Amino acid sequence: MAEKVVFHIDFDYFYAQCEELRNPDLKTKPVAVCVYSDRGGDSGAIATANYVARKYGVKSGMPIKFAKKRLEEIPDAVFLPTDFDYYSDISDKAMSIIREYADIFEYVGRDEAYLDVTQRTEGSFETAAHLAQQLKNVIRSSIRLSCTIGVSSNKLVSKIASDFKKPDGLTMVEPEKIESFLGPLPIRAIPGIGKKTEEKFSEMGLETIAQLRSLDVFTLNSHFGRKIGTYIYNAARGIDDEPVSPRHDPIQYSRIVTLKQDSKDFDFLAKDLEKLCEDLHDTIVKDNLLFKSVGIQFVQSDLSNRTKSKTLKNSTSNLEELKKTAIQLLKESLEDQKLPIRRLGVKVSDLSEVAGQVDITRFF
Ligand code: DGT
Ligand code: CA
Ligand code: CA
């Protein structure tokens, strides 16, 4: 069987890089993005930090207080709260570009995706290297975002490769180089192996993936159970046959905007809602989809959410039907709407593909 060609793409220091995008002055300063807990003050954790802050030892998951201590002497260090809506907007834009580069696109999260590019590269790793570089360039020039790509013949090795050289990296591991690439890496480089498992191996005198290969599958199974034991055994050898499976960002099939002013005026809202429907409809048509449910969403002035949806008689891709249903939902919702609305959204669900009978609701 011919080798597959798989990319794993991961955006660099994602939340912090998004903050730099809208405020380029931050680029030279240590930046930490914080998830403040509701206990107030500096309680909470660091979501991520830019590479300047990482030089001072600031990292994801660390208590905000610790990070502040590390950056105590640095007067221009910046601590920012998270703004997930904004990060999602940037992610959506980047992902919609990335999808165009894949035969099969698998969305993993806001800053991560797998691409099967076997067909379009005709299985050539040389072509794949060019394609990966081109993809990096396009994301850089159109969104100004830097990312790292790992290229290999399977998801596991590509994921490890994308973690190998960061930020702004591109690491390609050809099939014949998999064993030598993985060998010197710490066991921790295997996805899913955390601190605890690493310590367990360390106690057995095993630090690198090459050393890990000295354990046979039976020994691993007896320590970790059959499923995880077999996974570790195969991972140490770069073996993984999980296919890249089509998965879209569910957010692709919704649109939301922040209104110019908070409002509960039907005419004002209806205008924006129609525009959202048109924009969403473009994506639906492009992806060859039919929808059977339509929903609208309000983020109210106190930031609470309100949603209302309706299931149609038949699946459709008709723009007028989408608009008509959304407008009707808007009308009904406004009848008892108390708070002004700050953000307005529309989404479609119960999706199916136009051509085949394939039901893709399983992606959600
Ligand atoms: P890197 O290493 O350049 O890929 O840096 P990031 O920040 O992109 O790290 P990654 O890919 O592991 O995570 C993507 C985003 O997920 C990150 O920007 C913030 C969030 N995140 C990661 N780890 C944590 C954590 O421990 N706590 C919280 N709250 N968020 C996290
Ligand atoms: Ca990342
Ligand atoms: Ca990631």
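The values are calculated or read from the model by the stated rules, or taken from the named source; none is laboratory data. None of the values given here were measured: they were computed from a predicted structure. In this analysis, Cβ positions are derived from the backbone assuming ideal geometry, glycine residues included, and neighbour counts consider all displayed protein chains. Ligands, DNA and RNA are excluded from the accessible area calculation, which covers all protein heavy atoms including side chains. Shrake-Rupley method; radii C 1.70, N 1.55, O 1.52, S 1.80 Å.
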Just grab the label-to-label distance for ASP282 and GLN134, each label 7 Å out from Cα along the Cβ direction, in nm (one decimal).
-> 2.3
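Cα-Cα over 31 Å: which of LYS27/LYS196; LYS159/LYS196; LYS166/LYS292; LYS155/LYS196; LYS4/LYS347?
On the way: LYS27/LYS196 35 Å; LYS159/LYS196 21 Å; LYS166/LYS292 43 Å; LYS155/LYS196 24 Å; LYS4/LYS347 35 Å.
In this structure, LYS27/LYS196; LYS166/LYS292; LYS4/LYS347 lie more than 31 Å apart at Cα.
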Where in region 1-16 is the amide nitrogen less than 16 Å from a point lying 7 Å along the Cα-to-Cβ axis of PHE84?
-> 15-16
Percent accessible area from carbon and sulfur atoms, region 252-353, protein chains only, probe 1.4 Å | 44
Report relative contact order for region 1-150 in percent, whole number only (criteria: Cα-Cα under 8 Å, sequence separation at least 6).
-> 32
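Averaged across orientations, what area in nm² does the convex hull of the alpha carbons in region 1-114 project?
On the way: hull surface 35.8 nm².
Dividing the Cα hull surface by four gives the mean projection, 9.0 nm².
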How high is the FRET efficiency from ARG39 to VAL108, r the C-beta distance, R0 30 Å, rounded to 0.05?
-> 0.45
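Quick one: work out Rg over Rh on the C-alpha atoms of the chain, Rh as Kirkwood radius.
On the way: Rg = 23.6 Å, Rh = 23.2 Å.
Computed over Cα atoms, the ratio is 1.02.
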Using only protein heavy atoms and a 1.4 Å probe, report how much of LYS166 is accessible, in Å² to the nearest 10.
-> 60
Per-residue SASA entry for ASP350, accessible area with 1.4 Å probe, Å² rounded to 10 = 70
Cα centroids of region 89-113 and region 171-224: how far apart, whole angstrom?
-> 30
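For every other residue with a beta carbon closer than 13 angstrom to the beta carbon of VAL6, add +1 if it is Lys or Arg and -1 if Asp or Glu, then tell me the sum. Each step should come with its number before you reach the end.
On the way: positive: LYS4, ARG120, LYS155, LYS159; negative: GLU3, ASP103, GLU106, ASP116, GLU174, ASP240, ASP241, GLU242.
Around VAL6, the charge tally is -4.
Extension gain ASP241-ASP262, at 0.36 nm per residue separation less the Cα-Cα distance, in nm? Could you put the intermediate results ahead of the total?
Working: separation 21, 0.36 × 21 = 7.56 nm, distance 5.06 nm.
That works out to 2.5 nm of additional length.
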Percent of accessible area on region 27-89 owned by carbon and sulfur, 1.4 Å probe?
-> 53
Would you mind checking which residues have amide H under 5 Å from LEU170's amide H? H placed 1.01 Å from N; only 5 or more apart, or other chain.
-> ILE149
Debye-sum result for region 252-353 in log10 I(q)/I(0), which assumes one identical scatterer on each alpha carbon, at q = 0.20, 0.21, 0.22 Å⁻¹ | -0.92, -1.00, -1.09
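Just in region 58-87: which trypsin sites (Lys or Arg not before Pro) are loop by DSSP and have at most 11 other Cβ atoms within 10 Å? Walk me through the numbers on the way to the answer.
Details: sites: LYS59, LYS65, LYS68, LYS69, ARG70; in loops: LYS59.
The qualifying sites: there are none.
Probe radius 1.4 Å, ligands and nucleic acids left out: which of HIS8, HIS223, HIS281, HIS130 has the largest accessible area, and how do the rest follow?
Largest accessible area first, the list is HIS130, HIS223, HIS281, HIS8.
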Taking only C-alpha pairs under 8 Å that are 6+ residues apart, what is the relative contact order of region 183-236 in percent?
-> 34
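Could you pull out the trypsin sites (Lys or Arg not before Pro) across region 237-322 that fall in loop regions by DSSP (anything but H, G, I, E, B) with no more than 12 other Cβ atoms inside 10 Å?
The qualifying sites: there are none.
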Given the convex hull of the Cα atoms of region 171-256, what is a quarter of its surface area in nm²?
-> 8.2
Return one whole number: the accessible area per residue of the chain in Å², for a 1.4 Å probe.
-> 52
Folded to 0 to 90 degrees: helix 266-286 orientation relative to the chain principal axis, Cα = 40
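What FRET efficiency do you get for PHE164 and ASN23 if R0 is 22 Å and r is their Cβ-Cβ distance, rounded to the nearest 0.05? Please list the in-between numbers first.
Working: r = 30 Å, r/R0 = 1.35.
The computed FRET efficiency comes out at 0.15.
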For LYS286, list the aspartates and glutamates whose Cα falls under 16 Å from its own Cα; do not include residues on the same chain fewer than 8 positions away.
-> ASP92, GLU100, ASP103, ASP249, GLU278, GLU353
Relative to the first principal axis of the alpha-carbon coordinates of the chain, what is the inclination of helix 226-236, with its axis defined by its Cα atoms, in degrees from 0 to 90 and to the nearest 10?
-> 70
With all protein chains in place and a 1.4 Å probe, TYR56 shows an accessible area in Å² (nearest 10) of 100
On Cα atoms only, tilt of 84-99 relative to the major axis of the chain in degrees | 70
Mind listing the phi-derived Karplus ³J(HN,Hα) values for region 257-264, rounded to whole Hz, using 6.51, -1.76 and 1.60 with θ = phi - 60°, and x for any glycine or proline?
-> 10, 8, 6, 4, 9, 4, 7, 9
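If you rank TYR233, TYR107 by how much accessible surface each has, with a 1.4 Å probe, what is the order from largest down? All intermediate terms of the calculation are to be shown ahead of the outcome.
Numbers: TYR233 65, TYR107 20 Å².
My answer, sorted largest first, is TYR233, TYR107.
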